[in-house]
1. For the residues 221, 14, what sequence is obtained by ranking on other C-beta atoms within 10 Å, fewest first?
2. Quick check: pseudo-label points 7 Å beyond the Cα along Cα→Cβ at residue 176 and residue 22, how many nm apart are they?
3. Mind checking which lysines have their C-alpha under 20 Å from residue 202, skipping anything on the same chain fewer than 8 residues away?
4. Does anything in the range 182-203 have its amide N under 12 Å from the 7 Å Cα→Cβ label point of residue 127, and if so which residues?
5. By a straight-distance test (C-alpha under 19 Å), which lysines pair with residue 96 as possible cross-link partners, with residues fewer than eight away in the same chain excluded?
6. As a footprinting exposure proxy, order 175, 8 by other Cβ within 10 Å, with the fewest listed first.
7. Measure up 98/187; 126/203; 191/240 against 20 Å on the Cα-Cα distance and list the ones that go over.
8. Of 71, 26, how do they rank once you tally other Cβ atoms within 10 Å and put the fewest first?
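Read-outs: derived from the displayed coordinates by stated rules, not from any lab. The shown structure was predicted, so the numbers you read here are calculated from the model rather than taken from an experiment. Every residue, glycine among them, receives a Cβ derived from its backbone with ideal geometry; neighbour counts consider all protein chains shown.
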Amino acid sequence: MEIKNSERIDDLEFKGLKIIQDKKGFCFGIDSVLLSDFAKKIKKDSKVIDLGTGTGIINILLSGKTDASSFVGVEIQQDVAEMAERSIKLNYLEDKIKIINENITKLKNIYKPNSFDVVVTNPPYKKINTGIVNNENKKIISRHEITASLQDFIHISSYLLKDYGEIYMVHRPERLVDIFSIMRTEKIEPKLIKFVYPNKNKKTNLVLIKGIKKGKPFLEFDKNLYIHNDDGTYTNEILKIYNKEKK
């Protein structure tokens, strides 16, 4: 397995799974790990597509956490998509996970409507021309809506999903009104949200959202998730997600 000078192999400490990451690029964060845990109850034999897959981390983790039949990861950056493909091969998952190097806005040229049971996505959080802009192109694309907007991500999700199919998304709480408004417009009903907090003394900074295409209106709130204890250590809930739960 070829590894470039700027890359490293990280052990995911779950079922022997590993991932290749570029130390100079945008490495996956806790948000992707939390999203994979949030989506782990997807039904057996589901066909799953990850929009903006990056390193491929979400599909790789879900391949071990679920009984889904197949996964597709869509990544616009060619070198990142190629790196994700090498991670798939590293884990001998070529028969289960496929990587597509394409803009998510072009997927109507590849797939027919209603092709997937589940969409998972960790889209860029920031609108264009907002927030601190990183000088590295990979990080700009990962963090800002440059190649596709929130509207694009939800629109193509609705197109790809079968009726009553599920979308799992991680995003920022300040974008919730936008997310719910666009979901309703695109015939996706928000069904479950879970707020994530750095610790019990700070404001929420992440939100996990489940929506169902053509679902009936009824929104539930899952138990809050706290990442750190007061002393800065991970909470037992986070240790459990990382398979490091204290005995």
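1. On the way: 221 9, 14 16.
If I rank by nearby Cβ atoms, fewest first, I get 221, 14.
2. Taking the two extended label points, one gets 3.5 nm.
3. 194, 223
4. none
5. Leaving aside lysines fewer than 8 places away in the same chain, those within reach of residue 96 are 15, 18, 40, 41, 43, 44, 47, 65.
6. Details: 175 17, 8 12.
By the 10 Å Cβ count, ascending: 8, 175.
7. On the way: 98/187 27 Å; 126/203 18 Å; 191/240 25 Å.
From the list (98/187; 126/203; 191/240), the Cα-Cα distance tops 20 Å for 98/187; 191/240.
8. Values: 71 27, 26 20.
Going from least to most buried by this count: 26, 71.
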